[in-house]
Each structure stands twice: as C-alpha cells, then as structure tokens.
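Below is one structure, written out as structure tokens; comments come after it.
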Amino acid sequence: LNIPDFQRKELEQGQAWSLPRWRHGGDLQGLRGRLTYLRDLGVTVVALSPIFANGRGEYHGYCTSDPTSVDPGFGSPELLRDLVHEAHELGLRIVLEIQVNHLCGSDLRYDGEPNIDDVASCVDDYETAYWNTSRGEHLSDNYRMPLSWGEGLPLALLHPSFFARCGPLNRYRPDGRDFSRLGEHEEFRRQAGSLWADDPSGNGFRFNTLDVGFQTVYVNMLKWWIGYADIDGFRISAASQSSADFISALSTQTRHYAKELGKNDFFVVGELDPSTAVFGTELLGSQRPAGPAPRRLQETLDDNCELYKDLSPPWSGLLAAYPAPEVDNIRLIATDGEEPRDFFEDAEFGAVAAAKRASLASHSDLQATLTAFESGSERRLLSRLGGGDTADAWRLQLGLAWSFTWYGIPTLLNGVEMGFNGLCFNSTEDKSSLEAHLLEQGIAPEEAAKLLEDCDYTVHGDRVDQGFWRQDFFAG
C-alpha cells in the first residue's frame, strides 16, 4: 500500500500517535458502488479530489508524483474508466481535480542548500521573463539549483528545464524583506513568489510552466485521460499558482481535444479567488485584462487562436473561478462572526459582495461556478458546538440555502447531505465507548487518551488537528 512513512513506522512499532492523519478508506471502488445513491440524490456531476499517484502516500492526493497513473490506494486506470462508463450510463458526469503547478516525490530534492540571494534572483528572473520575453525563449540556468530525482517519477517529466529550481518561498526575500510583508502595491513581487518559489514545507517542487516543452508534455498527459477514461472535465487546484500562459494552453487544448471526441461542453474550472490572487483575472475567460498582460500570455493566445475560437464559449482560459468572498461571508455568519441579517441588510457588506461578483461575472461564467461552502480544508459547520448537532443545524441550512440559490452549480461536500460533523464523539458516553474500543484494538492507554483529548472541539476549537476534520469521510 502507498501510505506515508510516518504511518508505516507507527504500524511497525504498534503505535497510533498520528492516527487521524493515517491513510484509510475511500477509493474508486467504493464510489462506484454509490453511483446509484448519488443519482437518486439528484447529483449530476461527481468531482473527485486528486487520484493520481502520490509520492508521499497521503490520501488527500495534493502532492502528485505521477500524473500518468492512479494511486494504488484509490484504484487503477481501468477502474477509473469503468467508473466513468457506469456513471455515464446513469446520467452522471465525472470531473477530476488536478494539481498542476508542482511535483512531489519521496526522494526528489535539491543537491545543496538554496542561497537566499540566489532564490530572490532566480524568482525575479522568472517574473521578468514571464512579462518580457517571447514564448519559447530559453531561460538561462543562472541561480537555478540542481535536482536529484530519486525513484518513482515519470521519465517524461525528468528534465531540469521543466522545473523552476529557485528554492522555497520562505527563502524568497526580495530586497532583504520577508515575502509575507510585501505591500498590496507590489503585485509583481507577490506574483513572482507565488509562481516560481517552492512550497516552504519542502513537499513540492515548482514546475517551470513557461517552458513550452513542459506545457506540451503535461497537457498531453491530461489529454490521454480524456481519451482513455472519457472524463468530463478538470478542476485545477491552486490555479493562481500557475502562469497564465500555461493555464491558457491547458484549458484551450484539453477542451479542443475533448470536442474532437464529441465532448462539446468539456468543463475546465479553477480553484481561484480573483479578488485576492495577483492578476487573477488573467487566468479566466478570454484572458484579456484591461491593463497590460505578460508577453508570454499574449503570444500563447495568438498561437492557440484557431483552437479556442472554435469552442463554446470561445475562451482560452478557465470557464469559472470560485466565489470566495461570498463563501467567506456565509461561513462568517454561520460561525457566529456576523449576524445573519447583515448578509442582506448591511449596505457596505452587500456593496463589496456585489462588486466582486460583478468582476467575476465580467471575466467568467457564473453559472459554471462550483458553489461549495464546505471543504476538506475547513472544519465542518456541524462541529461548532462540539456535538450539539440539533443546535448547529441552522448553520448547515444557511450554507445550503446560499449554494442552491446562488448563480452557480449547487455543490455538496461529501457527507453534507448526511449531516457529517467531523466529530470523534458527540457526548461523554460516546467518548467512553470509543476509548474502550481503542483499547480493545491494542492501542496503549496513554495513546488512546491523547487521541481523544486532541479530538475535543469543545476544548481546542479550530486548533483541532486537521486530520480529524476528515475522519467521517470514510467507514473506519
């Protein structure tokens, strides 16, 4: 099984200190067995969180190591193809969430320690090239770090020019300043850090998405899944962390390829908040911002013009983003941060929401927007009172009312319709029963006590380990 190293170690030692973050349950076969249930629920589209091979073994899938294979913990390419076929027979469509801005690998690493000055020079060089050089123009290797590949990565991606190789974001200090302290007016520096510096955790290495060879290889990998498995769309995770020329090539070419196969309404949207992402509207719709645009983007649009003008709508960019400001407002009300009537009666509150909605509508298709108000990266609304699910129900009802009446596609996180709350226990009696069960399974008393203490929302609130938020996604 592809499981994290820490889980393997704890299993070998007979310990369970990190149990909530272990990989467990949830796979394509399980979803396949629930397609009829989803159809009867009224669902028309099933959007899968990342299923490609994950070099570090976590079940969340956001650290892809091989976009040409399905992670064995989820299934196989054949199983995905069968799942999509059966979904289509029931009138359901399947969308894959994909993460395209970086690659992970258990042994992928730098040969050496990135120098702070070199990181800044490398990142700034990329940003200058993005805005001022021609598409296809080769970038020098100045300030780039050499990489060791390790094992388990697809050979087609193992080329130094396919990676930015600048170093981690926490070492990007433009003019000696911390990246997090850059001002709102420093758009180019903020964009540079988000596009070309690696994840500071060291888990992912940023692609050089300006490289035309990389764009061709990666887009062809995605097109293969359209042809092989007959999927119906992609949702791009962390879309704002990819350059607009790459997003343009990806969206245009996958949609055009799908159309050639008879899929005229192939769906490509992004996890993107244009109101906070630097130059975020460059990624959406026609990708024609009112102000200046990167030269690399302009030339990509010219190169792909014959392809996207044949699409409906004739856009090169993502069809839709995410209405984050309004979701944030709903969750703020649902978590007691604001009064419910403020959503309708507060003039300033409404004006800000309306302005951001209008901006989103002018650059994308609001009706193609996924309106999820819960996600795997946030605590469940039904956990607010630590198990008082009846008293918490209005929070969920508020989110559902917004999702089902907004302009986009009503979207339910797995388990919302069943009232999943992410809680390990709902009462003192539940806690005692669960502790007894843990002890029966051979977990040491001190480990069992620590696990249950860490899962107590009434004590820890939002500081509860995020692993607990996803516990009820699976049958243990």
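The values are calculated or read from the model by the stated rules, or taken from the named source; none is laboratory data. Everything numeric here is computed off the predicted structure, so don't read it as measured data. Cβ: placed from backbone, ideal geometry, glycine included. Neighbour counts: every protein chain shown. Please note that ligands, DNA and RNA were not included when accessible areas were found on the heavy atoms of the full protein model with its side chains. Shrake-Rupley method; radii C 1.70, N 1.55, O 1.52, S 1.80 Å.
A few points about this structure:
- Heavy atoms of the protein chains alone define the surface here; on that basis segment 326-476 has 52 Å² accessible area per residue at 1.4 Å probe size.
- Remark: relative contact order (the chain) = 13 percent; criterion is Cα-Cα distance under 8 angstrom and separation of 6 or more residues.
- Ordering Ala229, Ala16, Ala197 by the projection of their Cα atoms onto the charge dipole of the chain, which places +1 on the Cβ of Lys and Arg and -1 on the Cβ of Asp and Glu, puts Ala229 at the extreme positive end.
- Global size of segment 1-89: 15.0, 47 Å for Rg and Dmax (C-alpha atoms, Rg to one decimal, Dmax whole).
- Positive-end residue, the chain charge dipole about Cα centroid, Cβ charges, pick of Leu31, Val95, Ser49: Val95
- Leu385 paired with Leu11, simple spin-label distance in nm, labels 7 Å along Cα-to-beta-carbon: 4.0
- Farthest toward the positive end of the dipole of the chain, out of Leu400, Gly337, Gln7, is the Cα of Leu400, where the dipole comes from beta carbon charges about the Cα centre.
- Magnitude of the charge dipole, the chain, Cβ model with Lys/Arg +1 and Asp/Glu -1, debye to 20: 800
- Carbon + sulfur, % of accessible area of segment 79-201 - ligands and nucleic acids excluded, 1.4 Å: 46
- Note on segment 379-463: Cα-Cα pairs beyond 16 Å make up 59% of the total pair count.
- Extent of the chain along its three principal axes (Cα atoms, max minus min coordinate, largest first): 67, 53, 49 Å.
- Remark: segment 128-171 carries 50 Å² of accessible area per residue (probe radius 1.4 Å; ligands, DNA and RNA excluded).
- A cysteine counts as unpartnered when no other cysteine's C-beta lies under 4.7 Å of its own; in the chain this applies to Cys305.
- Segment 103-172 shape via C-alpha gyration tensor axes, a/c threshold 1.5: oblate
- Only Lys, Arg, Asp and Glu carry charge here, each on its Cβ (+1 for the first two, -1 for the last two); on that basis segment 170-280 has a dipole of about 140 debye about its Cα centre.
- Volume in Å³ per residue [convex hull over Cα atoms, computed for segment 287-328]: 95
- Loop-located chymotrypsin sites (Phe, Trp or Tyr not before Pro) across segment 169-248 with a Cβ neighbour count of 11 or fewer within 10 Å are lacking, with loop assigned by DSSP.
- Gain in span if fully extended, Met418 to Ala354, counting 0.36 nm per residue against the direct Cα distance: 19.8 nm
- The accessible surface of segment 332-476, taken with every protein chain in place and a 1.4 Å probe, is 53 percent carbon and sulfur.
- Panel note: the C-alpha atoms of segment 1-151, placed on their principal axes, show extents of 56, 48, 23 Å (largest first).
- Across segment 261-405 the C-alpha pair distances fall into 10 Å bins from zero in the proportions 10, 33, 29, 18, 8, 1 percent.
- Whole-number percent relative contact order across segment 36-84, with pairs defined as alpha carbons under 8 Å at least 6 apart: 26
- Based on protein heavy atoms only, segment 182-266 ends up with 31 Å² per residue of surface accessible to a 1.4 Å probe.
- Percentage, to the nearest whole number, of Cα pairs in segment 366-424 over 16 Å apart: 41
- Estimated inter-spin distance, Glu78 and Leu261, nm [label 7 Å along Cα→Cβ]: 1.9
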